[in-house]
1. Return the sequence-ordered ³J(HN,Hα) values of segment 120-126 in whole Hz as given by the Karplus equation 6.51 cos²θ - 1.76 cosθ + 1.60 applied to θ = phi - 60°, using x for Gly and Pro.
2. In what sequence, highest mean first, do 242-252, 167-177 appear when ranked by Cβ atoms within 10 angstrom?
3. Using each residue's phi in segment 100-116, evaluate 6.51 cos²θ - 1.76 cosθ + 1.60 at θ = phi - 60° and report the 3J(HN,Hα) Karplus result to the nearest Hz, with x for Gly and Pro.
4. Given H placed 1.01 Å from N in the peptide plane, which residues other than close sequence neighbours of TRP239 have an amide H under 5 Å from its amide H?
5. So for the pair ARG150, ASP180, with labels modelled 7 Å out along Cα→Cβ, what separation do we get in nm?
6. Using a Debye calculation, one point per C-alpha and no hydration shell, please list log10 I(q)/I(0) for segment 128-268 at q = 0.08 Å⁻¹ in order.
7. How big is the Cα convex hull of segment 118-168 in projection, averaged over all directions, in nm²?
8. Between ALA20 and ALA95, 0.36 nm times their residue separation minus their Cα-Cα distance comes to what?
Amino acid sequence: MKKITFIVAALFLTVLFPAAVFLFSAGCIFYFIKKNPDKKMRNYAIGLLAASTLFLGDKPTDPEKVAEETNSARVSEVVESTPVEDLESKAQAEAKEAAVKAKEAEEEERKKQEIAESIAKEEAAKQKEEAESKAQAESAAAEEKLATERDTIHQATPPVTNGYTYVEINNNVPLFTNADLSSTEAWEDYGALDHLGRVTEANAVLGVELMPAEERGSISSVHPTGWNQENYSVVPGGWLYNRSHLIGFQLTGENANARNLITGTRWF
């Protein structure tokens, strides 16, 4: 009896206030779907909504169809409202993940570049070291070869022929290298004394920058091999021997250099 009375009252209100009943039933549908799920009450609200639409002049007359459309609209609203946040959150997460991956890829690329640069530097240093080592070896070999040639020439020096005061060696061809002759700077070099204390050689590329600006000093402290001084009245100046420079003092400024002085005569 109560149920019939409720239905009659609802229909009566629907006839009198269809718009209000429509809004009320719609709110009830949302409430019994979203807030407080109740299938039975939801169906009552859907029926009430369908009835109110008849009096509002809407085309749909089938309560089930109205209920379906209303239910679909509400469910869509519920489903679509929440996923937007989920989608935004998902998009943010994906963007963050992409940024992390991009940073990791950049870091990996930087490490690869550093490794490549390190390998290139090591290779360049190795090549430089090998080139320097090769140059040193070649220079040492050239010096050894030149020293051997000089020793051979010195050992093969012929005796001075009677009537001559000198002997020609190596056909008067000096042993300068192409590097020596192409030098643009003046230099001088004096060989070490041999095992008997004798001078060996003196080589130089002469230039005004080597020449002395002062007078020659005393060289009496040097006693070259063969030095056994004697004084003779028949010798101009009295003394038989003189300290003779391999390269004159006026050319290189070498004064009391034992590697540049030999026992010679005044005439020599």
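Read the figures in this text as sums done on the coordinates, not as results from a lab. Computed from a predicted model, the values in this text were never measured in an experiment. Methodologically, a virtual Cβ is constructed for each residue, glycine included, from the backbone with ideal geometry; neighbour enumeration extends over all protein chains shown.
1. The phi angles translate into 5, 5, 4, 5, 5, 5, 5 Hz.
2. By packing density, highest mean first, the sequence is 242-252, 167-177.
3. Rounded to whole hertz, the list is 4, 5, 5, 5, 5, 5, 5, 5, 5, 5, 5, 5, 4, 5, 4, 5, 4.
4. So TRP239 has HN proximity to TYR232.
5. Going by the 7 Å Cα→Cβ label model, 0.7 nm.
6. At q = 0.08 Å⁻¹ the computed log10 ratios are -0.31.
7. Mean shadow area of the hull around the Cα atoms is 4.2 nm².
8. 22.3 nm
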